[in-house]
Amino acid sequence: MSDILRQVDEDLRKERLSNLFKKYGLYTILTLMVIIGSVIGYQVKVSVDKSNSEKLIEQYIKSINIKDPNISINGLKEITESTNNYISGLAQLKLSRLYLQNGDKKKNNIILKEIMNNNDYEQIVIDLARYYYLILNINDLSKTEFDDILSNTSLKLSKFEFLFTEIRAIRGLITNDHYDSKELFQSLISNPNVPLDIKDRANKFIKLIN
């Protein structure tokens, strides 16, 4: 009887975790969309200042505002072949999102991997691709694959350091590595530099562990 009750309790915990992750995973992605908007504005300005590629920038803005996804994809593909790494990286990110919106997760993953492995892109663009890839494939990646993506020492300098710590902790919950997961969440809660929304999520996830 105790085994049955333990299994029921574990199933309920997994269901609550799944619901919480879906809720806050979506919230985090939407927040990052706002960040991307800021990144795009900054990168476009930098690109203008550095290379004066006005025509390329106009093509990028035109492509991302086209309502037909297929036409938008074709326009962005042309930009990704440009030697302008600022706009090319942003076009790649937008391209991956369009494929995902069209239900093509495989192409989305391929593009995100390409961005992650291209050191010519801005670090914030690479980190955005890394975060999207992790959160979209958190249930499919092996521990080795997951750790390899977050093993880069430069992550400590990333603007998304706390988000990467959070997703590592969530991964621990999913794989039942509750001890390490709880430690990571506690490190976020006790760090005065961590944003309040991340601390709030950490507290909610810890309640699932206890």
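The values are calculated or read from the model by the stated rules, or taken from the named source; none is laboratory data. Computed from a prediction, not measured in an experiment: that's the story for all the values here. Positions of Cβ are generated from backbone atoms using ideal geometry, with glycine treated the same way; all protein chains shown enter the neighbour counts. Quick note on the areas: whole protein, heavy atoms, side chains included, nothing else; ligands and nucleic acids left out. Shrake-Rupley method; radii C 1.70, N 1.55, O 1.52, S 1.80 Å.
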Pairs returned, first residue in the range 77-103 that is within 13 Å of I57 (Cβ to Cβ) and modelled with pLDDT of 80 or more, second residue that is among the acidic types (D, E) and open to solvent by 50 Å² or more (accessible area, probe 1.4 Å), beta-carbon separation under 9 angstrom, 6 or more apart or interchain, are S88/E81; S88/D120; L90/E122; A91/E78
K159: passes all of (1) surrounded by fewer than 17 Cβ atoms within 10 Å (Cβ to Cβ); (2) in a helix (DSSP H, G or I) but (2)
Checked pairs for the range 163-180, first touching a residue at least 40 places away in the same chain (Cβ under 8 Å), second loosely packed, with under 15 Cβ neighbours inside 10 Å, C-beta under 8 Å and 6 or more apart or across chains, list as I174/N139
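If only one of T144, T83 is loosely packed, with under 15 Cβ neighbours inside 10 Å, within 19 Å of R168 (Cα to Cα) and among the β-branched types (V, I, T), which one is it? Break it down stepwise before answering.
Values: T83 fails: within 19 Å of R168 (Cα to Cα).
That would be T144, the only listed residue that is loosely packed, with under 15 Cβ neighbours inside 10 Å, within 19 Å of R168 (Cα to Cα) and among the β-branched types (V, I, T).
Assess whether I115 counts as being exposed (fewer than 15 other Cβ atoms within 10 Å of the Cβ), free of Cβ contacts under 8 Å to residues at least 60 places away in the same chain, within 26 Å of T83 (Cβ to Cβ) and of a type in the set (V, I, T).
Details: exposed (fewer than 15 other Cβ atoms within 10 Å of the Cβ): no; free of Cβ contacts under 8 Å to residues at least 60 places away in the same chain: yes; within 26 Å of T83 (Cβ to Cβ): yes; of a type in the set (V, I, T): yes.
Here the answer is no, as I115 does not meet what is asked.
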In the range 47-69, anything modelled with pLDDT of 70 or more, in a helix (DSSP H, G or I) and surrounded by 10 or more Cβ atoms within 10 Å (Cβ to Cβ) is listed as E54, L56, I57, E58, Q59, Y60, I61, K62, S63, I64, P69
Residue hits (the range 162-193; surrounded by fewer than 18 Cβ atoms within 10 Å (Cβ to Cβ), modelled with pLDDT of 90 or more and of a type outside the set (S, T, N, Q)) are E183, I189, P192
